[in-house]
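Just below is one structure, and these are the notes that go with it.
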């Protein structure tokens, strides 16, 4: 199966998409924060970024979901900064402290090609939202040089449908993390408004574009939606409502990784309800509920 950008789009069409996305940076509304920062003129948005791309690392990753990792790893590019402000961020050194190096569009394209040369099974864009125009710009250059790997959009779920529509036929695998079904907690712990309605609209748009996750005979993800949900202590995430949404409004064939690896990081110790790991019973309750809703893909059966 060819990546969508080779199957559906020409190079001139890819360039047009990049130009349209750059237009959203002029008074930034790339993401639902719509902070209106003039990032192309050097202003810093709520994502703590101008239009200069900053990445923290590039390389094969073997800790992702098995259909992404395969034999030779998922080709991850970790982008610095984020459009969310999570108090418990598990990668806070990258997303909050800004560890990383500025790279040119040409450098970013070369990184994609090097990951392909190393045998990675996909290009996994980690926290890409705030650099979406630059990524599509770099992708165009990489395609010209022979890139032919599927693109993974690995994000926090707080996405603009307008931006996502410009990514149609570019992104093969959408991998959103549905963090909350409770807006009050999203505002308190991640600093964003109206998260629940926003993430629902975004995930519906992602599913409209790529459908349920398709996996090859070799066990590799080819195209589709791969959802992540991190169980938080004291049900801060509102996990059952998240499960209801996925099962009832997306698809019972959804691939959903219900994650149990939460640990207090960054500012989590300052919050009474976040300052501990989850218990086995908290995790099992969510998984059992997912099973009763007919979900089966992406998490271990108890």
Step by step: first the residues of segment 202-224, then only those that are assigned to a helix (DSSP H, G or I) and out of contact with any strand residue (DSSP E or B) (no Cβ under 7 Å at 6 or more places or on another chain), then the one that is surrounded by the fewest Cβ atoms within 10 Å (Cβ to Cβ). Which residue is that?
208
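If you go through segment 188-201 one residue at a time, how many are at positive phi and part of a helix (DSSP H, G or I)?
First pass over segment 188-201, keeping only residues at positive phi: 191, 194.
Within this subset, residues satisfying the condition of being part of a helix (DSSP H, G or I) are none.
Qualifying residue count for the region: 0.
Out of the residues in segment 37-53 that are part of a loop (DSSP other than H, G, I, E, B) and touching a residue at least 60 places away in the same chain (Cβ under 8 Å), state the one that is farthest from residue 96 (Cα to Cα). Give the steps one after another, and end with the answer.
As a first pass, look at segment 37-53 and keep what is part of a loop (DSSP other than H, G, I, E, B): 37-38, 42-52.
Checking which are touching a residue at least 60 places away in the same chain (Cβ under 8 Å) leaves us with 45, 47, 49, 51.
Numbers: 45: 13, 47: 9, 49: 11, 51: 17 Å.
My answer is 51.
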So, in segment 94-136, of the ones that are modelled with pLDDT under 95 and out of contact with any strand residue (DSSP E or B) (no Cβ under 8 Å at 6 or more places or on another chain), which residue ends up surrounded by the most Cβ atoms within 10 Å (Cβ to Cβ)?
95
Of the candidates 227, 278, the one satisfying the condition of being assigned to a loop (DSSP other than H, G, I, E, B), at pLDDT 95 or above and buried (at least 19 other Cβ atoms within 10 Å of the Cβ) is 278
Given the conditions (1) crowded, with 21+ Cβ neighbours inside 10 Å; (2) within 21 Å of the chain's Cα centre (by Cα), every one holds for residue 87 apart from (1)
Mind counting the residues in segment 266-298 that are in contact with a helix residue (DSSP H, G or I) (Cβ under 6 Å, 6 or more places away or on another chain) and within 22 Å of residue 91 (Cα to Cα)?
6
Filtering segment 212-228 down to residues that are touching a residue at least 24 places away in the same chain (Cβ under 8 Å) and more than 17 Å from residue 74 (Cα to Cα) yields 212
Across (1) out of contact with any strand residue (DSSP E or B) (no Cβ under 8 Å at 6 or more places or on another chain); (2) part of a loop (DSSP other than H, G, I, E, B); (3) at pLDDT below 95, residue 299 clears everything bar (1)
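The values are calculated or read from the model by the stated rules, or taken from the named source; none is laboratory data. Just so you know, these numbers come straight off a predicted model, no measurement behind them. All Cβ positions, even for glycine, are placed from backbone atoms using ideal geometry, and neighbour counts span all protein chains on display.
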